[in-house]
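Here the structure is laid out as C-alpha cells; the discussion comes afterwards.
The values are calculated or read from the model by the stated rules, or taken from the named source; none is laboratory data. If you're wondering where the values come from, they're calculated on a predicted model, not measured in any experiment. Using ideal geometry, Cβ is built from the backbone for each residue, glycine included, and neighbour counts are taken over all protein chains shown. Calculation scope for accessible area: heavy atoms of the full protein, side chains included, ligands and nucleic acids excluded. Shrake-Rupley method; radii C 1.70, N 1.55, O 1.52, S 1.80 Å.
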Amino acid sequence: MYVILLGLPGAGKGTQAANLAETTGLSHITTGELFRDHIYRRGTELGRKAKPYYEAGKLVPDELTIGMLRERIAGPDCALGCLFDGFPRTLEQAEALDEALAERGAAVDRVVYIKVAEEELVRRLAGRWNCRQCGAVYHEASSPPQRPGVCDRCGGELYQREDDKPEVVRQRLEVNLRELGKLLDYYEGRVVEVDGQQDIDGVGREILAVISPS
Ligand code: ADP
Ligand code: ADP
Ligand code: ZN
C-alpha cells in the first residue's frame, strides 16, 4: 500500500503520517526529514549539495530528491508499502515515483489532500518544535511535550527549524501553493480531500477511513 499525503507546510502531514505509521505498520517517508538527516546528522555529499536550497526554503533539485527517494523506497522496511509525506512536490517527482513503483510491480494506491487555511498554517509553523534525534513533531500550544524542550518519545532535544521563521515560511508557502496546484491536477480523480482543521485525532480518523481497504 502506497499512500501520498499532500498539503501545504504545516497542514499536519508529518504528524498524521507518524501516527498512521504506528497504526498501519506502513513506513513513514518524509523528504524533509531525509534531507535533515543527510545535511545535519550524516553530512553526506548529497546533503552538501541540498543544503543551500533547503536553507533558503527552496525546492531541492529533482535529480537529488528523486535519487534519494529511490534509494529509500528500496529499503526492506518499505516492502509492505509506505506513507509519503512531503513527496512528491513537483510533476517530475510524481512521474518518477509512478515509474519507480511500477518497476517494483506497485503503484500509488491513495492520495490524501489535507486542507488547511493559510493563517492557520502560519500559526502552526511559528509554534512548531521538532526532535533533533527522532524527528517527532510538537506544537507549543496544541501539542506540547511533557517537559519543554525535551522529546516525549526519545528524550532528544527539541528545536525550532531555521525555515519555520516567518520570512522563509512565506517563501515556502508561495513555492508550495504553485506546486500543489499542479499535483492536484496530476492526481485528479485519485485525490481525496480531508478537513485538516479538526483536532489531530479527528484528522487521523478521517484519513484512516480513506486509506482503509473497504
Ligand atoms: P507538515 O508536516 O504538514 O508540515 P506538521 O505535522 O509538522 O505539518 O504540523 C505542523 C505543526 O502543526 C506542528 O507544530 C504540529 O504539532 C501542529 N499540528 C499538526 N496537526 C494539527 C492539528 N490538527 N491541529 C493543531 N495543530 C496541529
Ligand atoms: P514541511 O514539513 O514544512 O512541509 P519539509 O520538512 O517537507 O517542510 O521540507 C523542508 C525543505 O526540504 C523544503 O523547504 C525543501 O527545501 C526541502 N524539500 C522537502 N521535500 C522536498 C521535495 N519533495 N522536493 C524538493 N525539496 C524538498
Ligand atoms: Zn525524539
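Loop-located trypsin sites (Lys or Arg not before Pro) across the stretch 26-71 with a Cβ neighbour count of 12 or fewer within 10 Å are 42, with loop assigned by DSSP.
Exposure check, 1.4 Å probe, all protein chains in place: residue 186 carries approximately 70 Å² of accessible surface. Given their separation in residues at 0.36 nm each and the Cα-Cα distance between them, residue 197 and residue 37 gain 54.7 nm when the chain is fully extended.
Working note: Karplus 6.51/-1.76/1.60 with θ = phi - 60° gives the stretch 56-67 the couplings 8, x, 9, 5, 6, x, 3, 4, 5, 5, 5, x Hz, where Gly and Pro are set to x. The value of relative contact order for the stretch 1-134, using C-alpha pairs under 8 Å at least six residues apart, is 45 percent. Surface calculation, 1.4 Å probe, protein heavy atoms: residue 1 sits at approximately 70 Å² accessible. Residue 139 contributes an accessible area of around 20 Å² to the protein surface, as traced by a 1.4 Å probe with all chains present.
Could you tell me which of the pairs 13/49; 58/115; 58/182; 13/115 are separated by over 20 angstrom between their Cα atoms in the structure shown? Going by Cα-Cα distance, 13/49; 58/115 fall outside the 20 Å limit.
Summary value for the stretch 79-214: 30 percent relative contact order, contacts being C-alpha pairs under 8 angstrom separated by 6+ residues. Dipole check for the chain: with +1 at the C-beta of Lys and Arg, -1 at the C-beta of Asp and Glu, and the Cα centre as origin, the magnitude is about 580 Debye. Of all aspartates and glutamates in the structure, the ones whose alpha carbon falls short of 12 Å from that of residue 165, not counting any fewer than 8 places away in one chain, are 55. The alpha carbon gyration tensor of the stretch 48-182 gives principal lengths a ≥ b ≥ c with a/c of 1.5 or higher and a/b greater than b/c, which makes the shape prolate. Averaged per residue, the stretch 91-214 has 57 square angstrom of accessible surface, using a 1.4 angstrom probe with ligands and nucleic acids left out. With contributions of -39500 (n - 2.57) from each DSSP H run of at least four residues, the per-residue ellipticity at 222 nm computed over the chain stands at -14000 deg cm²/dmol. Whole-Hz Karplus values for the stretch 35-48 come out as 5, 4, 5, 5, 7, 9, 8, 9, x, 7, 4, 4, x, 4 Hz, taken residue by residue from phi with 6.51 cos²θ - 1.76 cosθ + 1.60 and θ = phi - 60°; glycine and proline positions read x.
If the chain linking residue 80 and residue 140 were pulled fully straight, counting 0.36 nm for each residue of separation and taking away their Cα-Cα distance, it would gain 18.2 nm.
Across the stretch 11-28, the residues whose backbone nitrogen lies under 20 Å from the label position 7 Å along the beta-carbon direction of residue 208 are 12-28.
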